[in-house]
1. Comparing 32, 56, 22, which has the greatest mean-square fluctuation in the GNM of the chain with Cα pairs linked when under 10 Å apart?
2. If I histogram all Cα-Cα distances within the chain using bins 10 Å wide from 0, what percent of pairs lands in each bin?
3. With the chain treated as a Gaussian network of Cα nodes joined by springs under 10 Å, which of 89, 51, 37 yields the largest mean-square fluctuation?
4. Among 75, 64, 29, whose mean-square fluctuation peaks in a Gaussian network model of the chain (Cα, cutoff 10 Å)?
């Protein structure tokens with residue numbers, strides 16, 4: 001991934017329970033991928049349509065796989081019906097999420 005000037009706006013909140021960060025989801029993409037930073041969150045392209053929670057389920061599965069954690073450790077804490085979501089991941093440090101942006 002190219003160096004993104006918006007990466008300075010990306011925010012991760014770390015607490016004893018885990019980390020919180022924002023994402024922007026683009027459903028019905030041609031493939032599942034992280035495509036950079038948009039605003040204060042990661043732009044995530046997903047193949048699933050935004051119906052019957054298909055995109056939310058794929059979002060959790062995709063992030064869990066990338067961060068090498070179980071799906072139960074990844075949760076959407078706000079924005080379940082929106083493209084802008086706040087994600088909580090337990091037992092992970094912010095460095096793991098930042099390393100996803102370097103790929």
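Readers should treat all values here as calculations from the given coordinates under stated rules, not as data from a laboratory. What you are looking at is a predicted structure, and each value in this text was computed from that prediction instead of being measured.
1. Of the options given, 32 has the highest mean-square fluctuation.
2. 16, 53, 29, 2
3. Residue with maximal mean-square fluctuation among 89, 51, 37: 51.
4. Looking only at 75, 64, 29, the largest GNM fluctuation is found for 29.
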